[in-house]
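Computed from the coordinates by the stated procedures, all read-outs in this text should not be read as laboratory data. The model shown is predicted, which means the values in this text are computed figures rather than measured ones. No Cβ is skipped: glycine too gets one built from the backbone with ideal geometry, and neighbour counts run over all protein chains shown.
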Amino acid sequence: MTDTKKASDLFIECLEEEGVEYIFGVPGEENLDFLESLSYSKTIQLVLTRHEQGAGFMAATYGRHTGKTGVCLATLGPGATNFVTAAAYAQLGGMPMLMITGQKPIKKSKQGRFQILDVVDMMGPITKYAHQLAAGDNIPSRVREAFRLSEEEKPGATHLEFPEDIAEEHTSAQPLKSSVARRPSAEHKAVRLAVEALEKAKAPILIIGAGANRKMTGRMLRQLIEKTGIPFVSTQMGKGVVDERHPLFLGCAALSAGDFCHRAIEDADCIVNVGHDVIEKPPFFMQQGGATVIHVSMNTAEVDPVYFPQIEVIGDIANAIWQIKEDIVPQGKWDFAKMLDYRKAEEAHTAPLADDTRFPIFPPHLVQEIREAMPEDGIICLDNGVYKIWFARNYTAYLPNTVLLDNALATMGAGLPSAMMSAMLYPDRKVMAICGDGGFMMNSQEMETAVRLGLNMTVLILRDDAYGMIRWKQANMGFKDFGLTYGNPDFVQYAESYGAKGHRVESSEHLKELLAHCRDTPGVHLIDCPVDYTENDQILNHDIKELSAKL
């Protein structure tokens, strides 16, 4: 007779086989068999959070950093609905994640419809795979499929519902070994077309997008740039793929249009768009008869009115860039002088702003101070707000995944959990969450989790007592200032009530001291930093566009 085991034990064995290190979540009574089985695991650690959304953001960030599937757990009903934002965050942002939710018994139940939603149907549109486990014997294949799909390009969210009565079933099934799949290489004829277009061009340019943020791709791009001298622009989620200290870096497309880097792109007659993801705001708008666009990606281009590339190089991006680099011959007729002039003009515009030591703190100065305080491999994790544009434009990213920002779902509330995950994964690196007061308060309860886990990290709160991004847009549209201001707790006392260390910025010089102190002192630190957003509209919507248009 074949030995049997409880289905929840088998589920944990399958997760162990996949190499899972952490499960983040808030268990409920429908998860108790799973929780009991998890308690015996020697390799998987449960990280109990204070809200399912925080757990989901942490799991997604684990996937973002490692390329492996992050796993999170919630109960049925309200627990599962609290995962929805995190599911969309992972799905749009290309982060591999598996959500496991409980459910009432499906064979017979005496509780009517209490707490019951069709969670699988709800998750369907915002995941790559959503499935109810209806038999213990099916667990190995369903878990393997969830992991395979979550990690396959484009990575994203998957979901498994684990009903109470299935969890306590007995089964003789065994975990499946994880498979290794090689990505297909780009077809050499497509590469040849791309190289011919580049060699014919007078002023080619590279644009590095979210899909290029893979370990080997940055290396290959650096080699292509070094060989050819072709300058590059990054999107917000492509920051750091190639070191932005490089003399051929032309800026980050943080604004929608009219920035200095957009002018450089407009001057190009051939654009190599590497790892383009339509989920980001387009870094440029194609026009009929305009520049030739080469789309380099694992997936064919999604065509829309402003994006219809003429050449597509489809396959493993790193390999495609290597093939282009091997084939291409740098051309004497290439002329990048005007593009590089745009970059010089941007730097000249930024320098005096960054040196402005007014108080409350001026955003360009804040960016400069944080860049100076953070070591080369330090990680900043941005929540969402108008400061994200300042950091995307002005914060020089040295390495991949050292500037975690979300330009896909662009949700508030993810900054703190993503920094917590970064600090867990990389305990020897300096980590800072940068949040607006609005975004911080959406998941501020996870401060308790950070303290309980003994993390070393800094949470910088940019306080303007308002939903500043929307207020900026409101002003730009000529509307009166209405409906977007609020009060805040005393953030220093709030941090200390959780057992963290609280600090309040009193001048720009004090900011510098606090950043160094928090960086070098163990524990969880919170810095309350008042910011002056009064010039956001003038600088971002008017000055930059007018200055760049004159060049």
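In this structure, the pairs whose alpha-carbon distance is over 30 Å, taken from LYS473/LYS501; LYS154/LYS177; LYS215/LYS281, are LYS473/LYS501. In this structure, LYS545 and ASP121 have a Cβ-Cβ separation that, at R0 = 30 Å, corresponds to a calculated FRET efficiency of about 0.10. Annotation note: trypsin sites (Lys or Arg not before Pro) in the stretch 1-100 located in DSSP loop regions with a Cβ neighbour count of at most 10 within 10 Å are LYS42. Counting Lys and Arg as +1 and Asp and Glu as -1 over every other residue whose Cβ lies under 9 Å from the Cβ of LEU515, the net charge comes to -1. Considering only beta bridges that DSSP places wholly inside the chain, some 5 percent are antiparallel. Annotation: Cα Rg of the chain relative to the compact-globule expectation 2.2 N^0.38 Å equals 1.01.
Only helical DSSP H runs with n ≥ 4 go in: add -39500 (n - 2.57) per run for the chain, normalise by residue count and round the 222 nm mean residue ellipticity to 500 deg cm²/dmol.
Values: 22 runs with 213 residues, N = 551.
Mean residue ellipticity at 222 nm (helix-derived): -11000 deg cm²/dmol.
Structural descriptor for the stretch 355-542: relative contact order 26 percent, calculated from alpha carbon pairs under 8 angstrom and at least 6 residues apart. Overall shape: oblate for the stretch 173-249, with the ratio a/c of the largest to smallest alpha carbon gyration tensor axis at 1.5 or above and b/c at least equal to a/b. For the listed peptides 165-171, 526-532, a ranking on the average number of other beta carbons within 10 Å per residue, highest first, reads 526-532, 165-171. Here the Karplus curve 6.51 cos²θ - 1.76 cosθ + 1.60, taken at θ = phi - 60°, turns the phi angles of the stretch 255-261 into couplings of 7, 6, 6, x, 7, 4, 5 Hz, with x standing for Gly and Pro.
Less than 13 Å Cβ to Cβ from GLU302, Lys/Arg counted +1 and Asp/Glu -1: what total charge do the surrounding residues give? Combined, the nearby Lys, Arg, Asp and Glu give -3.
Just to confirm the filter: which trypsin sites (Lys or Arg not before Pro) across the stretch 341-423 are DSSP coil and have at most 13 other Cβ within 10 angstrom of their Cβ? Please report the intermediate quantities before stating the final value.
Working: sites: ARG343, LYS344, ARG358, ARG371, LYS388, ARG393; in loops: ARG358.
Those that pass, being in a loop and sparsely packed, are ARG358.
One Cα centroid belongs to the stretch 354-392, the other to the stretch 511-551; the line between them spans 4 Å. The residues TYR387, TYR398, when put in order of fewest to most other Cβ atoms within 10 Å, stand as TYR398, TYR387.
Footprinting exposure proxy ranking of CYS72, CYS381, fewest other C-beta atoms within 10 angstrom first, gives CYS381, CYS72. Within the stretch 423-439, find all residues whose amide N lies under 18 Å from a label point positioned 7 Å from the Cα of TYR486 along Cα-to-beta-carbon. Counting only backbone N, you get 434-439. Between the helical axis of 363-373 and the longest alpha-carbon principal axis of the chain there is an angle of about 70 degrees.
Taking the chain as the reference, fit the longest principal axis to its C-alpha atoms, fit the long axis of helix 188-200 to the helix C-alpha atoms, and give the angle between the two in degrees, 0 to 90, nearest 10. Relative to the chain, helix 188-200 is tipped by roughly 20 degrees.
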